[in-house]
Amino acid sequence: MSNSWYFFLFFAFAVFFAVALLLFTWLIRYKRNDYGQKNLPYECGVVPLTPNARESYSIRFYLLALVFIIFEVETIFLFPWALIYDRLKLFGLIEMAIFLLILIFGYVYAWRVTALDFRREID
Amino acid sequence: MPYKHIEISMGPQHPSTHGVLQLKVTADNEVVLNVEPVIGYLHRGMEKLWEHRTYPQIVPLTDRLDYLGAILNNLAYVLAVEKLAGIEVPKRAQYIRVILAELQRVASHLAWIGFNANDIGAMSVLLYGFIEREGLLDLFEEYCGARLTVHGLRIGGVPHDLTPKVCELIRGVVTSVPRRLADIEALLSENRIWKHRTVGIGRIAPAEAIQYGLTGPALRAAGVRWDIRKNIPYSSYEDFDFDVPLGTHSDVYDRYLVRMAEMRQSLRIITQALDRLPAGEVRAKVPRLLKIPPGEVFLSVEAAKGELGFYIKSNGTDKPERVKMKAPSFINMQCFEKMCQGHLIADLVAILGSLDIVLGEIDK
Amino acid sequence: MTIDHPALQAVLDALAARFNDRLLETRFEKGELSVRVARGDLRPVLAFLRDEQGFNALNDIIGLDNANAPVAGRPRFSVLYQFYKFPDALRLRVVTDAAEDEPLPSITGLYKSADWAEREIFDMFGLRFEGHPGLTRIYLGDDFKGYPLRKEFPLAGE
Amino acid sequence: MIKAPAQPAFLLTQLDKFITWAQKNSLWPLGSGLACCAIEMIATGASHYDMARFGMEVFRPSPRQADLFIVAGTVTNKMAPIIRRLWEQMPDPKWVVAMGNCAVCGGPFPTYAVTQGVDKIIPVDVYIAGCAPTPQALLHGLITLQEKIAKEHPTRVMFKKDVRRDD
């Protein structure tokens, strides 16, 4: 625990850096007294046709995001494994191969059940 | 509870609407239900302006209609005025006009392949197309004095004869364009992503295309053999042999193939016209103050986008009573909504690019 | 009327046979045949031309304001329909006249490309087309007053 | 030009130089073309004339990320409110270049539908003449804009609420 105060130093610096950045930009930004339609959401120059964008939308977007997260997590597991790959010898290789195989199986299933593509006709 | 369909505006300021066109898109998340084009953002009141200008003054104004095919607009207007006034254009001038018109068609198609590919994602093709087009613009600058809005023709003929330097530039273009086309085709024609984005997208049946009045490369891609240079030859096009490329599936990919083939045919016409250039005058005797007795005429020409027609009614003075322009993009745009049914929003961009519309001639 | 263009002569004869006295005027100048019919007969004539004579493409609809050269007995505006026969490249022009307030029959039923063309004529001349799905201004904003292509409308606008 | 106050402040001139040096060498134009001038603007952006030599090759389609508005083409009355809205939605500091006769003064169209010059709706910094000005003319106009930016004093605007002249 002797040199654990480094952590607080790091934390303080992070907070300081964030606040300083915001303060600096607020200080040097151009002030203007008539902002006109600056806060209107930008939609190719016209007033947006659907004023509030918080409408309900299709399940397909959510499905695609889920499939993405699954394989994102898979790659995250690969990083630590790749770091100590040389010390794990054959055991590590087989272990990771099994892990990847299971996920490939999941990927093929998702592909076959057309979770990945945006169907052209109205589903 | 079914979710509400999204209504979004692919509005006047949009990188891939080729100018100031607004598309009110009603989409079920990604699938387009219907598209309502809103035009008029570039309406400059050309036809009203033409009623206050003399016949020769209108020629440079026609450059600003389809600003990618300035000489083709001039050709349509100038031929209509000559037919109305009964002016006989010397053979040499007709040949030079054919050379300039086909060069302008190649330049317009090069710009089109650049924009269409860039909309679909192949930005390098935009740079290929534009670097090649610079060669053509240098040629126009050498001959007409301007790059884009060239005012390249006159009523009764062409401004002046082809100088040796211009002929040499033309020979240069005729050899360098096919090499560049080969590069572009090597990049695109068998490219999996390009085919995935264009094959089977934006189909329209030939009968329906005629019903909507579609003309130009988009109609030929539907397999209908209709090219005014062949069907109603003007300005001695009948002297040259070239074939009219046709498509079969009438989708975005076929329109791409048709236009690329058309560029090669244009180069063939240019070489034939340059080799068989007859001697003689380059401009007929036209009175400086051109007064045309009352009458009316409608004449159309095969412009890069399709059939560009001019209706002119004269009233005996030096200013026309009425000039109406039939713009190919104006008519082609009407079947855009029909082509977009059931596609994704991303395909909208590919279909719009394949129609090669220009807002200058839609809005007049 | 005899014209030295065999194909168009055949069309003209068929038209004359079918609508003999309702063809108010036929003109053949510079190789172009134009036929004038009254407003009421427009749709039957166009339907006949399309179905029996094979003019399957409407090329353009042209609006005209004849205020500067008024012809006695004829209304002020005239509308010209430019037609095409696809395979053998025949052209035909059908002309009708209409006063300011007389609506013209809309031909969007016969030709889909007439939709925008008629909206443009309404926008520029103020001529109404009855039976048009959505007759609104196509170029100018809805708040624009006046019809620009009328002769009395100044070039630079009100 | 920014209204220069009576006595120029000398303390921050070096900071001004630095900020304007940074601003003028990375102008991001708004990717919006109206008519024929837009094609010449794209030709200038393409590889032959290459605006990238001046740090301007990034054409941002959205005004939120652009700081230079090249009005390239005819400004019609129907398009005017949209151009005003696009200009307002651009973050400060922003500059406007009126490219071509139509944007400068209505050009060859003295008609009912055309706004006679874009400076009737938004303040313009540099006017470029020509009916479809050649890429060289556009580049010359943009270099003039860079010289103009180099002479500006942004720090006065930032610290002293000396608001820019176009409000």
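Every read-out reported here was derived from the displayed coordinates using simple, explicitly stated rules and does not represent laboratory data. This one's a predicted model, so the numbers in the text were calculated from it and none came from an experiment. Please note: Cβ atoms are built from the backbone with ideal geometry, for glycine as well, and neighbour counts cover all protein chains shown.
Brief remarks on what is shown
- Summing Cβ point charges (Lys, Arg +1; Asp, Glu -1) relative to the Cα centre of the protein assembly as shown gives a dipole of roughly 1400 debye.
- Convex hull of Cα atoms in the protein assembly as shown, direction-averaged projection (nm²): 45.2 nm²
- Relative contact order %, the stretch C:6-130, counting alpha carbon pairs below 8 Å whose residues are six or more apart: 23 percent
- Residues D:C105, A:C44, ranked from the fewest to the most other C-beta atoms within 10 Å, line up as D:C105, A:C44.
- A simple spin-label model places pseudo-atoms 7 Å from Cα toward Cβ; at C:A69 and A:A97 they are separated by 9.1 nm.
- For the Cα trace of chain D, dividing Rg by the Kirkwood Rh returns an Rg/Rh value of 0.98.
- When Rg and Dmax are taken over the Cα atoms of the stretch B:269-364, they come to 19.7, 57 Å.
- Formal net charge of residues neighbouring B:L126 (Cβ-Cβ distance under 14 Å; K, R +1; D, E -1): -4
- For the stretch D:13-71, the share of alpha carbon pairs falling in successive 10 Å distance bins from zero is 23, 47, 23, 7, 0 percent.
- Sites D:E57 and B:K195, calculated FRET efficiency, Cβ-Cβ separation with R0 35 Å, nearest 0.05: 0.75
- Residue-averaged beta-carbon neighbours from other chains (10 angstrom radius) around D:69-78: 5
- Restricting the stretch A:17-77 to trypsin sites (Lys or Arg not before Pro) that sit in a DSSP loop and have at most 15 other Cβ atoms within 10 Å of their own Cβ leaves A:R29, A:K31, A:R54.
- The stretch A:55-123 and the stretch B:237-294: distance between their alpha carbon centers, rounded to Å: 56 Å
- Arranged from fewest to most other beta-carbon atoms within 10 Å of their beta carbon, B:C144, D:C131 become D:C131, B:C144.
- GluC sites (Glu not before Pro) within the stretch B:145-192: DSSP coil, no more than 14 neighbouring Cβ in 10 Å: B:E190
- Residue order, fewest to most beta carbons within 10 Å, for C:R150, B:R133, B:R192: B:R192, C:R150, B:R133
- P(r), alpha carbons of chain B - 10 Å bins starting at zero, rounded %: 5, 25, 33, 24, 10, 2, 0, 0
- Look at the dipole of the protein assembly as shown built from charges on Cβ: of A:F13, B:N191, D:F10, the Cα furthest out on the positive end belongs to D:F10.
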